[in-house]
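Values in this text are rule-based calculations from the coordinates and carry no lab data. No experiment lies behind these values; they were computed from the predicted model shown. Every residue, glycine among them, receives a Cβ derived from its backbone with ideal geometry; neighbour counts consider all protein chains shown.
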There are 2 protein chains.
Amino acid sequence: MVCLCDDAPGQPEEQGRGAVTPSDQTALMAIGEAMDVRPGTKLFRQGDAATHIYMVESGVVRISHDLLDGKRQVLAFRWGGDVFGMAAGGRYLNNADALDKGRIQRFQAERLQELLLSRPHMQNRFLLQATAEISLQQHRIILMAKYDVVTKVVAFLLECCGNGQCFDPATQILKLPMSRPDIADYMGVATESVSRALGVLERRKIIHRHDMHHLAIDLPRLRDCARL
Amino acid sequence: MVCLCDDAPGQPEEQGRGAVTPSDQTALMAIGEAMDVRPGTKLFRQGDAATHIYMVESGVVRISHDLLDGKRQVLAFRWGGDVFGMAAGGRYLNNADALDKGRIQRFQAERLQELLLSRPHMQNRFLLQATAEISLQQHRIILMAKYDVVTKVVAFLLECCGNGQCFDPATQILKLPMSRPDIADYMGVATESVSRALGVLERRKIIHRHDMHHLAIDLPRLRDCARL
DNA sequence: CGAACAGTTGAAGACGATCAATCTGAGTGG
DNA sequence: CCACTCAGATTGATCGTCTTCAACTGTTCG
């Protein structure tokens with residue numbers, strides 16, 4: 001949920017993702033390198049040297065962390081416009097895998113660093129996005145700590161519906177590019193619990209499972225059963 | 001867990017908290033305003049206009065969020081050197097309360113913003129600290145999602161022991177300024193569960209409750225029962 | 001056509017929350 | 001100095017939710 005930057009502060013954002021002025025845009029593109037990915041493409045592993053910062057142009061990327069005992073936590077899904085791969089200690093702490101066909105832009109960390117130092121307003125955008133990311137994570141901590149499985153799944157679905165990428169408001173169809181274990185590991189519950197939660201929501205006529213990766217969603221009803 | 005900044009990049013840090021060069025230090029002090037606080041002092045409430053950024057000089061500050069149903073999540077404890085109160089949307093999302101007698105420095109958001117824009121390296125320090133904060137929160141998410149109550153309490157104790165503020169390595173005594181409900185709401189468990197977990201650790205001779213706010217800690221044994 | 005795998009559903013068990021009772025310690029007034 | 005009080009902490013017993021294990025279904029791919 002991090003987006004890029006613009007030169008002049010205080011100018012209104014046209015889209016939700018934030019406007020990018022030509023000069024910033026071109027400066028970024030000048031140091032960027034595009035990659036086409038397909039489902040399963042590994043962008044980086046935890047422990048790798050953190051050489052690049054990534055940005056999703058299209059597709060979905062899963063950020064996950066493997067634990068010593070073999071368990072896995074999915075920390076985020078990154079959609080179009082999102083930035084990932086910012087590591088503080090010189091090494092990536094997490095894995096990044098493409099879930100979908102898509103296009104990723106990546107920037108050498110040192111060169112991006114230089115660019116940010118030479119463009120304070122652009123760096124400020126990054127800083128603002130980082131603080132926004134912190135707030136989002138705090139939301140997630142609250143969700144994990146205080147709510148039951150059904151509510152977690154509802155929150156997850158709402159988050160997905162917020163993405164034009166995978167939710168079509170006209171047809172009310174949500175396309176989920178990730179597997180049930182991905183969802184389960186994202187919400188910190190068992191795969192079976194996700195299934196059961198979806199079952200509950202379907203019985204309540206809030207969703208309808210067209211197939212495993214396509215849900216029809218009654219968005220208003222989904223929203224008011226969140227109570228967040 | 002955010003600290004301040006220095007002018008020249010790449011220079012080694014003297015303390016863990018990061019060195020601050022005189023010019024940055026003085027520039028910050030010029031726009032700063034010191035406040036003395038006592039236990040219970042409210043720095044800000046969720047929903048307040050986010051006018052200031054805060055930094056702890058001494059003492060401990062609790063960052064918490066109240067939910068609609070009356071439950072509360074403690075999101076962080078801020079110790080000496082930590083920064084808090086960075087809000088993306090113009091309003092604080094959380095509450096900040098002093099737990100201890102101490103001294104807080106605060107900066108008007110707009111003036112700090114100006115200062116950061118005029119000092120790219122200083123802003124870069126903030127950005128780095130923000131990404132470090134994101135990593136810490138990811139750790140917290142994993143902790144909340146995957147581990148049992150005892151492990152959570154162990155992780156909490158280790159976090160506290162990392163602070164020279166409250167842990168004396170010589171005497172092995174940890175001084176906890178927060179109450180049991182604070183700890184419970186921080187780890188997302190019930191108060192009773194914290195008590196029981198401390199009981200377990202005491203029976204295992206890993207800690208000894210001198211009184212409610214003072215624990216004798218066998219740090220090596222505590223460390224290897226973490227398994228994180 | 002059959003194997004392998006993802007997803008779903010069912011039954012049993014474990015862990016932690018909740019409720020209630022007891023204990024501890026600090027502050028107060030006799 | 002000691003009993004009293006009150007809040008916070010601890011302990012015990014019960015209950016509910018979610019995990020785990022296992023069986024079953026449906027889909028995809030050789």
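One table, with the values for the structure above:
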read-out: Whole-percent pair-distance distribution, where bins are 5 Å wide, for the alpha carbons of segment B:22-137; value: 2, 11, 19, 24, 22, 14, 5, 1, 1, 0
read-out: Cut-off 11 Å between beta-carbons: net charge of the residues surrounding A:ASN95, Lys and Arg +1, Asp and Glu -1; value: +1
read-out: Two-decimal log10 I(q)/I(0) for segment A:147-224, as the Debye equation yields it once each C-alpha is a single scatterer, q = 0.16, 0.22 Å⁻¹; value: -0.50, -1.02
read-out: GNM result for chain A, Cα springs below 10 Å: residue of A:MET122, A:MET178, A:MET29 fluctuating most strongly; value: A:MET29
read-out: Within straight-line cross-link reach of A:LYS152, aspartates and glutamates at Cα separation under 20 Å, skipping those fewer than 8 residues along the same chain; value: A:GLU133, A:ASP182, A:ASP185, A:GLU192, A:GLU202, A:ASP218, A:ASP224, B:ASP66, B:ASP69, B:ASP148, B:ASP185
read-out: With Cα atoms, 0 to 90° folded angle of helix A:120-146 axis to chain A main axis; value: 20
read-out: Average projected area [Cα convex hull, chain A], square nanometres; value: 13.2
read-out: Cα centroid separation - segment A:204-228 against segment A:89-113, whole Å; value: 32
read-out: 21 Å Cα-Cα reach of B:LYS101 towards lysines, excluding residues that sit fewer than 8 places from it in its own chain; value: B:LYS42, B:LYS175
read-out: Mean Cα-pair separation over length for segment A:17-168, i.e. relative contact order, pairs under 8 Å, 6 or more apart, %; value: 28
read-out: Cα Rg over Rh - the protein assembly as shown, Kirkwood; value: 0.96
read-out: 5 angstrom amide H check on A:LEU43, placed H, neighbours 5+ away; value: A:ALA96, A:ASP97, A:ALA98
read-out: Cα convex hull volume per residue for segment A:86-158 (Å³); value: 148
read-out: 0 to 90° range, to nearest 10: angle between helix B:22-31 axis and chain B longest Cα axis; value: 90
read-out: Computed FRET value (nearest 0.05) for B:ASP66 with A:SER195, which takes r as the C-beta separation and R₀ as 30 Å; value: 0.35
read-out: Relative contact order [Cα under 8 Å, 6+ residues apart], segment A:132-210, whole percent; value: 27
read-out: Whole-Hz couplings from phi, Karplus 6.51/-1.76/1.60, listed for segment B:77-84; x for Gly and Pro; value: 10, 10, 10, x, x, 7, 10, 8
